[in-house]
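The values are calculated or read from the model by the stated rules, or taken from the named source; none is laboratory data. What you see is a predicted model, and the numbers here were worked out from it, not measured in a lab. Backbone-built Cβ (ideal geometry, glycine too); neighbour counts: all protein chains shown. We work out accessible area using only protein heavy atoms, side chains counted, and drop any ligands, DNA or RNA first. Shrake-Rupley method; radii C 1.70, N 1.55, O 1.52, S 1.80 Å.
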Amino acid sequence: MTAVPSPIEFPHRHLLGIEGLSPDEITHLLDRSDSYVALNRRADKKTTLLRGRTQINLFFESSTRTRTSFELAGKRLGADVINMAVATSAIKKGETLIDTAMTLNAMHPDVLVVRHPESGAVKLLSQKVNCAVINAGDGSHEHPTQALLDALTIRRRRKRIAGLTVAICGDIMHSRVARSNIHLLTTMGARVRLVAPPTLLPAAVGRLGVEVFTDMREGLSGCDIVMMLRLQTERMQGSFVPSQREYFRFFGLDRDKLKAANDDALIMHPGPMNRGTEIDSELADDITRAVILDQVELGVAVRQGCLDVLSRDLPELDHNV
Ligand code: ASP
């Protein structure tokens, strides 16, 4: 399948974050991603768009969904895909990251997909290589393809993003998913609410253009989308909540708290889910409300869309060398 050329340019070599992208650029990425959904449901999912190209997935932090999804996306577009899982403990910050970047760069990859536990590390790496770089999550900073797949899920279900009220609930402070979603949803005209205990709200929350709630029922009242987040205990130094049981009682999504939202409100979660901590297990499996597996499905299409858009700027392959 050849994707339809769009009149709107995407004038960026890398996809490092959602912050700073215009509504047109976001729409362009979503439209291109949407064009892969039907293809992914066919028996033959292969295209040749990236034939001859090399994609390296470089993950300094563990991942199930994102890494698999980028691997499938690259392979379905015909690229040669290499996965490199780097044990974080073996990495000495700074110098080693740059060394790794230079080493990989010498092998002439066309796209590097990078996840790293430090905010800003992917941008730093992108400055040292000649290929396109996609941020697959850097610390608590950004996870642009997650926000794009969330937006595509919302857009396909609700036919729009502008004007919807979206409540992002839970561990906002440590969440790159929250940050990328806040940028995307506010840029696209949605009303964003953050619902969290005060200890899990970032200090600069006043500058994000969102409403803030510390009570779930108030925060969910009249909203169209309920986006739950995982407690990122691996990024916490010290204790941010009294206990997981207590946390579920006040901030876990269950049927009772969900009643405050609109009757047709959709439940989202980026995964991995902690059932019984931030979301009631039975509610998470309720396919009349939860679109969590749609998010996973559309994640592949979004990664294809992003690889497709960024590959338009790659230099021509020179077969005579
Ligand atoms: N998978 C998402 C991320 O990598 C969300 C999470 O881990 O809770 O940020």
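Numbers below:
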read-out: Residue in region 237-255 that is over 29 Å from V302 (Cα atoms), open to solvent by less than 50 Å² (accessible area, probe 1.4 Å) and touching a Lys or Arg at 6+ places or on another chain (Cβ under 8 Å) present; value: no
read-out: Exclusive hit being at pLDDT 95 or above, closer than 23 Å to H28 by Cα and open to solvent by 10 Å² or more (accessible area, probe 1.4 Å), set R179, R193; value: R179
read-out: Hits in region 267-289 (condition: away from the ligand (no atom under 16 Å from the Cβ) and open to solvent by 10 Å² or more (accessible area, probe 1.4 Å)); value: D280, S281, E282, D285, D286, I287, T288, R289
read-out: Pick from region 204-252, criterion within 16 Å of the ligand (Cβ to nearest atom) and in a loop (DSSP other than H, G, I, E, B), ranking: nearest to N262 (Cα to Cα); value: G252
read-out: Lone qualifier among V86, V114 - being open to solvent by less than 60 Å² (accessible area, probe 1.4 Å) and at pLDDT below 95; value: V86
read-out: From the options R51, R32, residue that is away from the ligand (no atom under 16 Å from the Cβ), in a helix (DSSP H, G or I), open to solvent by 10 Å² or more (accessible area, probe 1.4 Å) and touching a residue at least 12 places away in the same chain (Cβ under 8 Å); value: R32
read-out: Counted residues, region 59-86 - those being out of contact with any His (no Cβ under 8 Å at 6 or more places or on another chain), within 15 Å of the ligand (Cβ to nearest atom) and outside any helix (DSSP H, G or I); value: 5
read-out: Pairs where the first residue, in region 54-65, is in contact (Cβ under 8 Å) with a residue 12 or more places away in the chain and the second is near the ligand (Cβ under 10 Å from one of its atoms) and not basic (K, R), C-beta under 6 Å, 6+ apart; value: R65/G271
read-out: Subset of region 151-172 (residues that are away from the ligand (no atom under 11 Å from the Cβ) and surrounded by 22 or more Cβ atoms within 10 Å (Cβ to Cβ)); value: A151, L152, T153, I154, I161, V166, A167, I168, C169, I172
